[in-house]
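Worksheet: the structure to be examined is printed underneath.
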Amino acid sequence: NISEAKSATQFSGTIQVQSNRPVYGSDYDTPMLFINDGDFDIVWVNGTAINFNMGMHKDNLSSILAYYAYMILGMDYDTFSLEGGTPHFLQAQAIVANAQNAGERGWKASQGKQNRYWLVENHLSQTFRPVRTCLYNYHRKGLDILADNNSTGKQVIAGSLRLFETLIKRRPNAFLIQTFFDAKAEEIQNIFS
């Protein structure tokens, strides 16, 4: 959503990123990521190609798109194998590292606690390891077996959500916890209602 055209080639606004994952044995897609990134400042000339280079921050648009692609892949892989998304999160972290000298917002730790820097940092941090364990248990051992064994699937999902208890007490406003429940709150309510 472009809210301001600062010039013919400079734009600012927000980008909403959503991803889903299919649930085994059903036609249901479970939400994985639902985020509204307000640090969307880009330079783009109509008709030019969007080229991404992993070795450098060429422009904000290509870096943001690549960053979220790797975050989506990382989260998806984490749901199929325990911490299986690590290689993709490391790629997203490299994109963040390359953007540290960029003038655009959203890439630095000092620019707030809810930005691209903190999202990938939280995913890779040992402090937030229970979230990644939850992603795997919730999806692979819970949702994916609901169609065959509703009772066991619900028990596993409930158990995986308990992994948040200690974490929420230590870091109640953590960005990663917020993004998890932004994507999952309605689904959790529907599973247990």
- Item | Near pairs, Cβ below 6 angstrom, 6+ apart or cross-chain, from the stretch 112-124 (of a type in the set (Ser, Thr, Tyr)) to any residue that is crowded, with 21+ Cβ neighbours inside 10 Å | Tyr117/Val96; Tyr117/Trp107
- Only one of Asn46, Asn53 is free of Cβ contacts under 8 Å to residues at least 24 places away in the same chain, closer than 21 Å to Ala102 by Cα and surrounded by fewer than 17 Cβ atoms within 10 Å (Cβ to Cβ), namely Asn53
- Please give the number of the condition Ala97 fails out of (1) within 16 Å of Ile72 (Cβ to Cβ); (2) surrounded by fewer than 20 Cβ atoms within 10 Å (Cβ to Cβ). (1)
- Message: Glu83 - would you say it is touching a strand residue (DSSP E or B) at 6+ places or on another chain (Cβ under 8 Å), within 27 Å of Asp29 (Cα to Cα) and open to solvent by less than 50 Å² (accessible area, probe 1.4 Å)?
- Response: no
- Item | Failed item in (1) over 17 Å from the mean Cα position of the chain (by Cα); (2) over 18 Å from Met32 (Cα atoms), with Lys113 passing the rest | (1)
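If you take just the helices (runs of 4 or more DSSP H) that sit entirely in the stretch 84-193, which of them hold at least 1 residues that are modelled with pLDDT of 95 or more?
The qualifying helices (runs of 4 or more DSSP H) are 86-98, 116-124, 129-136, 150-161, 175-192.
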- Give the residue that is farthest from the chain's Cα centre (by Cα), with candidates limited to residues of the stretch 152-167 that are open to solvent by less than 10 Å² (accessible area, probe 1.4 Å) and over 12 Å from Thr133 (Cβ atoms). Gly153
- Given Met71, Met32, which one is closer than 18 Å to Cys134 by Cβ and in a helix (DSSP H, G or I)? Met71
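The values are calculated or read from the model by the stated rules, or taken from the named source; none is laboratory data. Just so it is clear, the structure is predicted and the values come from calculations on it, not from any experiment. Virtual Cβ from ideal backbone geometry, glycine too; neighbours counted across all protein chains shown. Ligands, DNA and RNA are stripped out before the accessible areas are found, and what is left, the full protein with its side chains, is counted by its heavy atoms. Shrake-Rupley method; radii C 1.70, N 1.55, O 1.52, S 1.80 Å.
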